[in-house]
Every structure is written in structure tokens, then in C-alpha cells.
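Peer 1: Have a look at this one.
The values are calculated or read from the model by the stated rules, or taken from the named source; none is laboratory data. In this text, all values refer to a predicted model and were calculated from it rather than measured experimentally. Glycine gets a Cβ as well: all are built from the backbone with ideal geometry, and neighbour counts include every protein chain shown.
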Amino acid sequence: MNTGPHTTATVRTSPGAALAVLLRGGRRDARGLRVLVTGASGTFGRALSARLAELGAHVVGLDLAPGPDDPVEVLACDITDEDAVSGAVAGALARLGGLDLLINNAGIGGPAPAELPPGPEVRRQLDINLLGTWRVTAACVDALVASRGRVVMLSSRMAVLQLPLAAAYGASKRALVAYADALRLEIGTHVGVSCVYPSAVRSPIHDSTAAAGLSLEGMSRYEPLEGVVETVLRAGLGRRVRRDLATTRRGAVEIFLARHLPSLTDRIVARTLAGRVRSGALDGAEPAAGVLRRHGGRP
């Protein structure tokens, strides 16, 4: 089955079939599609897996800690371990009988001030968000080339619009986009490569940041999970391969401004940070101690 973006055969459709495609937003039929989702037991991963399975795709997930009520089969895999990735991907491909779509969703966040030396938390975020994605993708390349499939990377608005006190997450997501660009240049003749840029969605990924006293409240506007899922489906199932997709109109505007008017977005973020310092929102947050001192706040 050729499910990739480069099929050239002409297919005649009835008016009813054409209407059905239009109503699906121009998506390819997901029935029978062989899909691998990383981070499949997390908030995004569960929702994506459940939706794809509902559409008729054959879905297998990878996760460090599979849950007992996962909507699809999830194989235990530590994506920071190259041997574990090789074994888990091989097992997933054997179950699926090949691969048409890889969704690189696994990722973590956490506080990481840029002014401090990179400690274990920084290395962990880079290892999972960037290198873990790289390991899984490399293990899937041959199968994706064979099917002329697609790869969807779950990046972040912070790949373009950095927020303070989260340098590791932003750096890992910006590097992820650079990896996607390189991958596209190397295998893009046979495999579609897309990046999706969510802003902020309420999920446990923010727990460690909130526990450190750095809640996103006031710095980001939360968006619905359903919008992220639908955007990933557009990237993975759309008739045309899309290079970059924001998950909301607001996110698209923010990314456009950050790319084309970075001095403006820098001023907006700096002003927002200063307002949070003045309001006392960062009082007692150890990662923000340097910022508080420089702004005359209370460390």
C-alpha cells in the first residue's frame, strides 16, 4: 500500500466520494494506515492514538511507562536508550507490518534558566526532546522510505518564540526543527516531514514548572487539546504535505511575528516578565532568583 505524499497515479472518484473527501478537509483515508506514536501514554499521545484508531488506523505506541488503560497497544521504551529504541521500534514495525506514519510526540518540560550552567534537567530535556526523537526516527527511516510515508514532529511555539526560564525546552524544540529540516533535505523525495507548533495545553508536562513556582499563567494562553490533535491529523493525513503548522490562529500570528519581527516579540515577552515580577507572581521561585534580583524584586 502506497500511503505517502508522492503517489502519481490518477484516481477517478464519484461525486459522492469527492464530497466525502471535501467533508474530511481533504484528508487521506486513515483506514489501514500503519502508525507509530511516541509518548503514547501521555496527554497528547493518548488523544492522538485514540483518534487515529477511531479513524481505522492500526496504531502502536511507545512510552517509558505504558498505562493500563491506554487506547492502543503501547510498548515500553526509554527513548534515551539506543538499544531500547532499536528493539521497541523493531517490535512495533513487526506488529504493524511496516510503517506509514511516525508521530514524534514524546517530550518533557521543566524550568531551566539560561543564566545557570546546564545540569541534569537540561541534559534530560535535550536527550528526550531532541535525541530521543532522532533515535526513533532513524530506526524508522527504512520503513518510511519503503512506504513513502510521513513523519510529524510535535515541536512547540517555543521553538520560535522563546520564553524566559525555560531555555532547555526552547533550545530542544528549536533544535528539533533543525533536525526536521535536515531530515527533509535527505529523505524528502520519499517521505513527508512536517512540524506542528502547539502553544500551551493543560497537561502534566507543566507540573515540574508549576512546582518550581513558575506557572505559565500570565505568560501563555492555553489552547484546547482537540485543536492540537486535529492539526497533527492535518499534517499526517492531509492530501498535501505541510512543512509547518501552527495549532491556532493566534499561534500562527505569534510565530510569524517572532520570525519576522523578533525585536517586537522580545519586547512583549520582556514586558510580560517584568509585570509578573512586579505582581509578585515569581516570589519564592528559586529558578527566578536572578531575574528577581535584576528587576529589584524579592529573591
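Peer 1: Give L176, L161 a once-over and let me know the one that is assigned to a loop (DSSP other than H, G, I, E, B), touching a residue at least 24 places away in the same chain (Cβ under 8 Å) and in contact with a helix residue (DSSP H, G or I) (Cβ under 7 Å, 6 or more places away or on another chain).
Peer 2: Working: L176 fails: assigned to a loop (DSSP other than H, G, I, E, B).
Every option except L161 fails the conditions.
Peer 1: Among the residues of segment 287-297, which ones are surrounded by 12 or more Cβ atoms within 10 Å (Cβ to Cβ) and either under 21 Å from V201 (Cα atoms) or of a type outside the set (A, V, I, L, M, F, W, C) (or both)? First the steps, then the outcome.
Peer 2: Keep residues of segment 287-297 that are surrounded by 12 or more Cβ atoms within 10 Å (Cβ to Cβ), which gives 287-292, 295, 297.
Those that are surrounded by 12 or more Cβ atoms within 10 Å (Cβ to Cβ) and either under 21 Å from V201 (Cα atoms) or of a type outside the set (A, V, I, L, M, F, W, C) (or both): P287, G290, H295, G297.
Peer 1: Report, by residue number, each residue of segment 181-193 that is surrounded by fewer than 23 Cβ atoms within 10 Å (Cβ to Cβ) and either modelled with pLDDT under 95 or touching a strand residue (DSSP E or B) at 6+ places or on another chain (Cβ under 7 Å) (or both). Working first, answer last.
Peer 2: Taking segment 181-193 as the starting set, the residues that turn out to be surrounded by fewer than 23 Cβ atoms within 10 Å (Cβ to Cβ) are 181-190.
Those that are surrounded by fewer than 23 Cβ atoms within 10 Å (Cβ to Cβ) and either modelled with pLDDT under 95 or touching a strand residue (DSSP E or B) at 6+ places or on another chain (Cβ under 7 Å) (or both): L183, R184.
Peer 1: Right, here's the next one. What's the total number of residues in segment 24-40 that are assigned to a loop (DSSP other than H, G, I, E, B) and either surrounded by fewer than 23 Cβ atoms within 10 Å (Cβ to Cβ) or touching a Ser or Thr at 6+ places or on another chain (Cβ under 8 Å) (or both)?
Peer 2: So the answer is 9.
Peer 1: Quickly run through segment 241-277 and pick out the residues that are outside any helix (DSSP H, G or I), out of contact with any strand residue (DSSP E or B) (no Cβ under 9 Å at 6 or more places or on another chain) and surrounded by fewer than 15 Cβ atoms within 10 Å (Cβ to Cβ).
Peer 2: Initial filter on segment 241-277 (outside any helix (DSSP H, G or I)): 241-248, 261.
Cutting the leftovers down to out of contact with any strand residue (DSSP E or B) (no Cβ under 9 Å at 6 or more places or on another chain) gives us 248, 261.
Answer for segment 241-277, where residues must be outside any helix (DSSP H, G or I), out of contact with any strand residue (DSSP E or B) (no Cβ under 9 Å at 6 or more places or on another chain) and surrounded by fewer than 15 Cβ atoms within 10 Å (Cβ to Cβ): just L261.
Peer 1: Hey, among I108, I79, I128, which residue is β-branched (V, I, T), under 22 Å from A175 (Cα atoms), within 17 Å of the chain's Cα centre (by Cα) and part of a helix (DSSP H, G or I)?
Peer 2: Numbers: I108 fails: part of a helix (DSSP H, G or I); I79 fails: part of a helix (DSSP H, G or I).
Exactly one residue qualifies, and that residue is I128.
Peer 1: Here is a follow-up. Scan segment 151-158 and give yes if some residue there is on the phi < 0 side of the Ramachandran plot, surrounded by fewer than 19 Cβ atoms within 10 Å (Cβ to Cβ) and under 15 Å from the mean Cα position of the chain (by Cα), otherwise no.
Peer 2: No, segment 151-158 contains no residue that is on the phi < 0 side of the Ramachandran plot, surrounded by fewer than 19 Cβ atoms within 10 Å (Cβ to Cβ) and under 15 Å from the mean Cα position of the chain (by Cα).
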